[in-house]
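*Asks:* Here's a structure for you.
FYI, it's all coordinate maths here, none of it is from the lab. All values reported here derive from a predicted model rather than from experimental measurement. Please note: Cβ atoms are built from the backbone with ideal geometry, for glycine as well, and neighbour counts cover all protein chains shown.
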Amino acid sequence: MDQVGDIIQNVMPEKKQDDKVMRLKQVKCVNCGNIVTFKPKQFRQYCTKCGLSIAIWRREKNEKDINCWICKDTGIVIYTAQIEGQIAEFAARCLCPAGADKGDRIPVISECLNAPPIELIKYRNKKAYEKIRAR
Ligand SMILES: [Zn+2]
Ligand SMILES: [Zn+2]
């Protein structure tokens, strides 16, 4: 797993203007520099030149681009909590700058008594990303 993670962090998706039209992603192999083309909905490929396994993120954002793992830079944290036997979904503002401009009507996550611990939210978000990466 470690090795795959290292590779992903070094893969730089080439930004091309016609990407949206073509819906193809091109990724440079970190091992040999070969350009590997990904078909739509294809997120793992072997380099045609050296055989290295290359994976790209399902989402545009890279792990290293995420500043805040609590809200994934959205400013809003969605969490579920059990209230009188019912699972309900709540929204809270994050503590980071992205959450600061969401308005005072939304409570801050640290003040939500029924919210899971912030460290747990972070951990879950990271785990969810690792799952995407492992596909
Ligand atoms: Zn290669
Ligand atoms: Zn945040």
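*Asks:* Along the positive direction of the dipole of segment 70-129 (beta-carbon charges: Lys, Arg +1; Asp, Glu -1; about the Cα centre), which of TYR123, THR80, CYS112 reaches farthest?
*Replies:* Comparing the listed Cα positions along the dipole, TYR123 ranks first.
*Asks:* Let me ask something additional. So for each of 115-127, 68-80 I average, over its residues, the number of other beta carbons within 10 Å; can you give me the resulting order with the highest mean first?
*Replies:* 68-80, 115-127
*Asks:* Please tell me which of these pairs span more than 32 angstrom C-alpha to C-alpha: LYS25/LYS102; LYS28/LYS131; LYS49/LYS122; LYS25/LYS126?
*Replies:* Violating the 32 Å Cα-Cα cut-off are LYS25/LYS102; LYS49/LYS122.
*Asks:* Oh, and also: Calculated FRET efficiency, ILE83 and TYR123, Cβ-Cβ r, R0 35 Å, to nearest 0.05?
*Replies:* My answer for the efficiency is 0.95.
*Asks:* What does the extension gain come out to for LYS131 and PHE90, with contour length at 0.36 nm per residue minus their alpha carbon separation?
*Replies:* Gain on stretching LYS131 to PHE90: 12.4 nm.
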